[in-house]
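Undergrad: Quick one: the structure is below, and I'll ask about it shortly.
The values are calculated or read from the model by the stated rules, or taken from the named source; none is laboratory data. Nothing here was measured: the structure is a model prediction, and the numbers come from that model. Methodologically, a virtual Cβ is constructed for each residue, glycine included, from the backbone with ideal geometry; neighbour enumeration extends over all protein chains shown. Heads up: the accessible areas ignore ligands, DNA and RNA and are worked out on the full protein's heavy atoms, side chains in. Shrake-Rupley method; radii C 1.70, N 1.55, O 1.52, S 1.80 Å.
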Amino acid sequence: MASGASPQLQMRLKSSFIRDRLLRCSTSRHQPLPQLFRYNPGTKHVSMQLSRTLSGLTNLFFNRRNLDELPNSKRKRLRPGKVSPRRQVPKNIPRPPYVNSMIPPGIASGAEVHDKKGIECMRASGRLAAQVLQYAGTLVKPGITTDEIDQAVHQMIIDNGAYPSPLGYGSFPKSVCTSVNECICHGIPDSRALEDGDIINIDVTVYLNGYHGDTSATFYCGDVDDEAKKLVQVTKECLDKAISICAPGVEFKKIGKTIHDHADKYRYGVVRQFVGHGVGSVFHADPVILHYRNNESGRMVLNQTFTIDKARHRNRHR
């Protein structure tokens, strides 16, 4: 059982959605990461040292260039839209402990092993998350905004007596993560309308009966080009192969090797800045799941639940 993380690994534990986004931005025109963040190894927290408005933060989410068009593509570079006010949740729906604290809780030490009741609750929350995700995917079409997807997801979650886990997690302002095109993950829904040829990852987490169910998938919007289709297909194959090797006693590092080996066949590089994680009564907990080759210790235990995040892979230069 993985009970903690090495100092090298701890530097990758970026559990806050806002914080994750900042770390994947280009630093060439902004302050270097050591000036943006203060790391506390004892608590596995990375604290942001700058005070910025939400609109200021969103300007950092995207790797801006002088050119609007992407290299070798007619598609416009992604730009942040306007973020609507936070949606309300009925008072009778239980909240996770971190809501309204504005302090990201980090990754909890110690893997959770579920008893019979915990397994039943995890199945219920996972089932609802899967149903919400499936519904969200049906909404993907040119012209719809990611904010409209967020509204629909939010409503379905609260109609089922659950809380949308991302809402209020470390000041994250929305109920679902919508990551379009070059946005790797944890994108904030906004006023930008989806365009023909976009791909969008929708990441749904629900908090039901005290347990988080977490799932995501990438969807095509309209007529998607072959390169994007291949990226989505190979990434899904990496996920499926990684899931297939999971069993009690298997080393966690085998997940990273399985993903990395398959990505290498197609000359894709694996995004290293984001990790999978234990999930259950706590949103983010041990074990930490690396999606690339590594030598971290730890083995899977019966009745653990954890995510293998389907973060997109980057094309290498051919």
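Undergrad: Using the beta-carbon distance between residue 182 and residue 93 and R0 = 51 Å, what value does 1/(1 + (r/R0)^6) give for FRET efficiency, to the nearest 0.05?
TA: Values: r = 35 Å, r/R0 = 0.68.
Taking R0 as 51 Å, the efficiency between residue 182 and residue 93 is 0.90.
Undergrad: Sort the following peptides by mean Cβ neighbour count (other Cβ atoms within 10 Å, averaged over residues), highest first: 92-98, 149-155.
TA: 149-155, 92-98
Undergrad: A further question follows. Along the three principal axes, how long is segment 137-204 when you take its alpha carbons, biggest first, rounded to the nearest angstrom?
TA: 34, 24, 16
Undergrad: Please compare each pair in 230/257; 174/265; 141/174 to a cut-off of 26 Å on the Cα-Cα distance and tell me which ones are over it. Don't jump to the answer; show the numbers that get you there.
TA: Values: 230/257 21 Å; 174/265 37 Å; 141/174 20 Å.
Result: 174/265 exceed 26 Å.
Undergrad: Could you give the nm distance between label points at residue 113 and residue 160, where each point is 7 Å from its Cα heading toward the beta carbon?
TA: 3.0
Undergrad: To the nearest 0.05, what FRET efficiency results for residue 79 and residue 101 with a Förster distance of 35 Å applied to their C-beta separation?
TA: According to the calculation, E is roughly 0.70.
Undergrad: When the solvent-accessible surface of protein heavy atoms is calculated with a 1.4 angstrom probe, in what order do 163, 207 fall, highest first?
TA: Numbers: 163 5, 207 30 Å².
Sorted descending by solvent-accessible area, the residues read 207, 163.
Undergrad: With each label point set 7 Å from Cα along the Cα-Cβ vector, what nm distance links residue 127 and residue 195?
TA: 4.2
Undergrad: Quick check: from the Cα gyration tensor, does segment 206-262 come out rounded (a/c under 1.5), prolate or oblate?
TA: Details: a/c = 4.07, a/b = 1.23, b/c = 3.31.
Note, shape of segment 206-262 comes out oblate.
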